[in-house]
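Inspection log for the structure reproduced underneath, given as C-alpha cells.
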Amino acid sequence: MTIKHKDFAFKLKSVEKTGRITGYASVFNNRDSYNEVVMPGAFADSLAKFKNSGTKPLMLWQHNPDWPIGAWDEFNEDGTGLYVGGNVIKGVKQADEALLLMEADVITGLSIGYREVDVVPADKGDPRKLVKLDLYEASPVSFPANTMARIDAVKAAILGGRLPTLPEFEKWLREAAGFSKSQAAAVASGGLTKLLRSESGGEKADQEVAEFLKAWRG
C-alpha cells in the first residue's frame, strides 16, 4: 500500500486559542506541479466510510505517524475542496509546539495523506485526474518539510524514462540545491533547455541524455 502526500498553497482558515483549526486540506480542479488535479467528489466514498464507522481521519504533525497532535471532527467536500476542522490536543508536547507555530503564522499549510483508488492518466496535455482517493490523514505542514516529496517527483520522472519539465527542474534547484530563483532559471534554461533541444540531434544528443540520466540515477 502506497500512501502519497499532497500539499496546497492555501492557508489555514483559522487557528483559535482553544486549539481548534480549520481550513482546506485539498483543493479541487487545481493543476499542481505533479501535473495532477483532484476531482470533485474524490473523497466522497472515503468520508462516508469514516462517518459510517464512527472513525475520523488522523491529524498528524508533518505527516509523521509517531506525532499525532489532535483529531478532525469536521470534514466535508464543498465547491472548493475538502474542508476540515479539528482540535489540537493541548498538553501533548508536539501538539503544543505545533499550535504555537500555527498561531504565529509560521506554519500555514495543510497537506493530506491518501491512497489512490481511481485515477485517469494524463493525456494530450490534460493533467492526471485523481478521481477517487482513500483519505488517511490531514497534517499541518511547513512547505519546506515537503521538499523531499518534490525531489522524489523529479527523480521518479527521470527514472521513469523522461526528463523533468523546466518548472520541475527549476523547483528542484531552488528547494533541494539551494539556488536562488534567478540562478535556478539560468541553470535550467542554459543547461536543461540545451539538453532538451538537442534530443533530436543524433548520436551526440543520445550520449548527453544518457549521461544526464546516469548522473541522476546515481
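The values are calculated or read from the model by the stated rules, or taken from the named source; none is laboratory data. Keep in mind that this is a model prediction, so the values were computed, not measured. Note that each Cβ is placed from the backbone with ideal geometry, even for glycine, and that neighbours are counted across all protein chains shown.
Odds and ends about this structure:
- Looking only at region 93-145, and only at residues there that are polar (S, T, N, Q) and surrounded by fewer than 20 Cβ atoms within 10 Å (Cβ to Cβ), the one that is nearest to GLY81 (Cα to Cα): THR108
- Candidates are the residues of region 116-127 that are assigned to a loop (DSSP other than H, G, I, E, B) and in contact (Cβ under 8 Å) with a residue 24 or more places away in the chain; the one that is farthest from VAL37 (Cα to Cα) is ALA122.
- Any hit, region 14-34, residues being of a type in the set (A, V, I, L, M) and at pLDDT 90 or above: no
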